[in-house]
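Below you'll find the structure, written out as structure tokens, and then a few comments.
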Amino acid sequence: MQRAKRQTLESIIEVRTTRRQAMQGILAAGGAMTAFWCYPAEANSPALPTDAGFAGLPHVVSNVAGDEAATIGVADGFETQVLLAWGDPLFADVEPMNFHNPSAEDQKKQFGYNNDFVAFMPLPRGSDNSRHGLLCVNNEYTIPELMFAGITDSNKLERLSENQILLEKAAHGHSIAEITQDDDGHWRIIKESHFNRRITLDTEVRFSGPAAGHDRLKTTQDPTGKKGAGTLNNCSGGVTPWGTVLSGEENFHEYFVGALNAPGEAENHARYGVGNACDSAIYRLDQRFHLDQAPCEPNRFGWVAEIDPYHPDSTPVKRTALGRMKHEGAATSISHDGRVVVYMGDDETFEYFYKFVTAGTFDPKNPRAAKDLLDEGTLYVAKFKPDGLLDWLPLIFGQGPLTSSNGFSSQADVLIETRRAADLMGATPMDRPEDVEENPVTQNVFLALSNNTERTNEQLSPANPRSGNQHGHIIELTIPQVGNQADHTALSHPWEIFLLAGHLENDGGWYQGHQPETWISCPDNLTFDNTGRLWIATDGFENKSGILDGAYVCEVAGPRRALTKQFFHVPTGAELCGPCFTPDNSTLFVAVQHPGGDSTFDQPSTRWPNPPDSDLPPRPSVVAITRKGGGPIGG
Ligand code: FEO
Ligand code: CA
Ligand code: CA
Ligand code: CA
């Protein structure tokens, strides 16, 4: 595709510096917000010039309440299809789940729970086929009170049966299904496909990279420290240029029971919230999650797992070189010199934003040679500076404070304790770094920050400019160019606030100073269409403002920059995850996660996608959105 004409780095810095100088002091300190340089001069301009490029964007969906809140909604001119829902068979030899008497054994062959990241991997591998491919979906976590009758949030740890707990284990992980689109636009699953696969909390995985085989990864079950069972709390992810899927292990701390009883690991585990934080009954059937028996087991989670969907017998690999944190996702970019860069958020309040730069290069003519590219390279953490530049600080054993005087004996230690290493380097604590995505047209990188109500006025920083940040924001990184290619390996480059979410008047929202057609809250997952428009999935709108979460779209340049429009909404209780386009943009896959959240199987707030008059529970589902009559979604 044609890339947008690029400005030189010097000209970008000059323009942004002028903007910042012009706007300094525009907002008085003392309110919820303090003055920062990030508000450009256009903030005072009331009128929007006409922009023909915006006309193709879909119509807005009204924010709905009442009966409409029990189901999904999409903009006029588009249609939706529930493609895969929890319990749907992925194989010909298994029945759909019987929700009143579900089988844990069957769940191993059925679509998992709480779909988050979605990747469409075309078939054949390496093609840009938009009508036939592999749908690869993370199944992040389970909600037993919505899955099973008679269970509540307060009784679940004791009351769940063995079969129910085994089913929960099998409902975690990742689901892969071969899908194809018929001539009438309808998508269907090919249950006979040899690609179809479930990866669960019991699937064999292996560790690679600097921490593999380290003593701190060894357990009674795995004295090698190189082999593990399963992947856990897989949130968002990414796709590599060589056709594999990266899956981020996020809130792993919630599965461990017992008090800290590991003198050598106490500080480490505390830094990740491990200990007295158990919210899952899986420990009752799996000794790995008892801290007193397996003090190193938490060190085996919190990694990025690489999955090769085109080889169903392949073993998922946890790439330790990418660091250990509560990984939201892992977005890859190819840099100017062929090195691959993986951008990653650590999704917790006051945590950090990272990137990993491979030592080797990717050769598109020989993708197989990239098999272990993610095992060698440098992990960096971001420091956002008030001068409008972002410095990437290397997390390398022996450099700076990352030495034996601070308890690090090797690069493995630095990676196992990535958060502490980043603390010592002076990284910038952020407002929950979630998804990251490179704009395919401008090559700039966007970072969603979900929210952080704990931030105080004393903790404000230019990149996190609001105290009690309920609604989050989005930051744009300007990636320098070498020739006409982006240098994602650069160790310093400009950044700026793209938008501050929330209502303009009530919440200090800021959309380049203009009124968006529909404002947003709690940006989480991001993707771009082929024209470079940003698509934002939200998580938390309903809790914060009584407005259903959904998909919002905006331009990233021109007078409509950052002016969001709603395109799709989820049912009550749900968040939206995994927006993912087919290569030609004719289908947008979205993952509706935890519909009916905060209610129960016995008294669900919605039964979507089941009929409202059924006796079935709501089910997390992947929805395919297409334009009526076909054609690209973005228009
Ligand atoms: Fe699983 Fe950060 O959301
Ligand atoms: Ca997320
Ligand atoms: Ca994304
Ligand atoms: Ca989320």
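Read the figures in this text as sums done on the coordinates, not as results from a lab. Just so we're clear, the structure is a prediction, and the values are computed from it rather than from any experiment. All Cβ positions, glycine included, derive from the backbone under ideal geometry; neighbour counts span all protein chains shown.
May I ask you to order 257-263, 87-93, 135-141 by the average number of other C-beta atoms within 10 Å around their residues, highest value first?
Values: 257-263: 15.3, 87-93: 17.6, 135-141: 28.7.
Per-residue mean Cβ counts within 10 Å order the peptides as 135-141, 87-93, 257-263.
Calculate, in whole percent, how much of the Cα-Cα pair population of the chain lies beyond 36 Å. Write out the running numbers ahead of the final one.
Numbers: 67627 of 201295 pairs.
Every Cα pair in the chain considered, those over 36 Å come to 34 percent.
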Report summary line: Ranking Ala422, Thr71, Leu160 by how far each Cα lies towards the positive end of the charge dipole of the chain (+1 on Lys and Arg Cβ, -1 on Asp and Glu Cβ), the top one is Ala422
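Hey, what's the Kirkwood Rh for segment 252-300 if you take every pair of different alpha carbons, in angstrom?
Values: mean 1/r = 0.0971 Å⁻¹.
Evaluated over segment 252-300, this radius sits at 10.3 Å.
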Query - Charge context of Lys109, other residues only, Cβ under 15 angstrom, K/R +1, D/E -1 - result: -3
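Given Cβ point charges of +1 (Lys, Arg) and -1 (Asp, Glu) and nothing else, what value in debye, to the nearest 20, does the dipole of segment 415-468 about its Cα centre take?
I would put it at about 160 debye.
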Report summary line: Among trypsin sites (Lys or Arg not before Pro) in segment 107-165, those in a DSSP loop whose Cβ has at most 16 other Cβ atoms within 10 Å are Arg125
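Dipole magnitude of the chain about its Cα centre, charges +1 at Lys/Arg Cβ and -1 at Asp/Glu Cβ only, in debye to the nearest 20?
Details: 51 positive and 82 negative charges, 297 e Å.
For this selection, approximately 1420 debye.
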Query raised in the report: So how much slack lies between Gln293 and Ser405, counting 0.36 nm per residue of separation and subtracting their Cα-Cα distance, in nm?
Result: 37.4 nm
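Kindly provide the GluC sites (Glu not before Pro) of segment 474-576 that DSSP labels as loop, not H, G, I, E or B, and whose Cβ sees at most 11 other Cβ atoms within 10 Å. Let's see the in-between values first.
Working: sites: Glu476, Glu496, Glu505, Glu517, Glu542, Glu555, Glu575; in loops: Glu505, Glu517.
Sites meeting the loop and neighbour criteria: Glu505.
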Query raised in the report: Along the positive direction of the dipole of the chain (beta-carbon charges: Lys, Arg +1; Asp, Glu -1; about the Cα centre), which of Ile199, Leu146, Thr240 reaches farthest?
Result: Thr240
Query raised in the report: With +1 on each Lys and Arg Cβ and -1 on each Asp and Glu Cβ, how big is the dipole of segment 252-300 about its Cα centre, in debye rounded to the nearest 20?
Result: 60 debye
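Exceeding 26 Å between C-alpha atoms, which entries from my cross-link table qualify? They are Lys226/Lys355; Lys355/Lys544; Lys565/Lys628; Lys109/Lys371; Lys383/Lys565.
Numbers: Lys226/Lys355 24 Å; Lys355/Lys544 31 Å; Lys565/Lys628 19 Å; Lys109/Lys371 28 Å; Lys383/Lys565 31 Å.
Result: Lys355/Lys544; Lys109/Lys371; Lys383/Lys565 exceed 26 Å.
Do any GluC sites (Glu not before Pro) in segment 334-398 lie in a loop, going by DSSP, with at most 14 other beta-carbon atoms within 10 Å of their beta carbon, and if so which? All intermediate terms of the calculation are to be shown ahead of the outcome.
Values: sites: Glu348, Glu351, Glu376; in loops: Glu348, Glu376.
Here the sparse-neighbourhood loop sites are Glu376.
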**Report entry** Cross-link reach list, lysines versus Lys156, counting only Cα pairs under 21 Å and skipping chain neighbours closer than eight places
**Finding:** Lys169
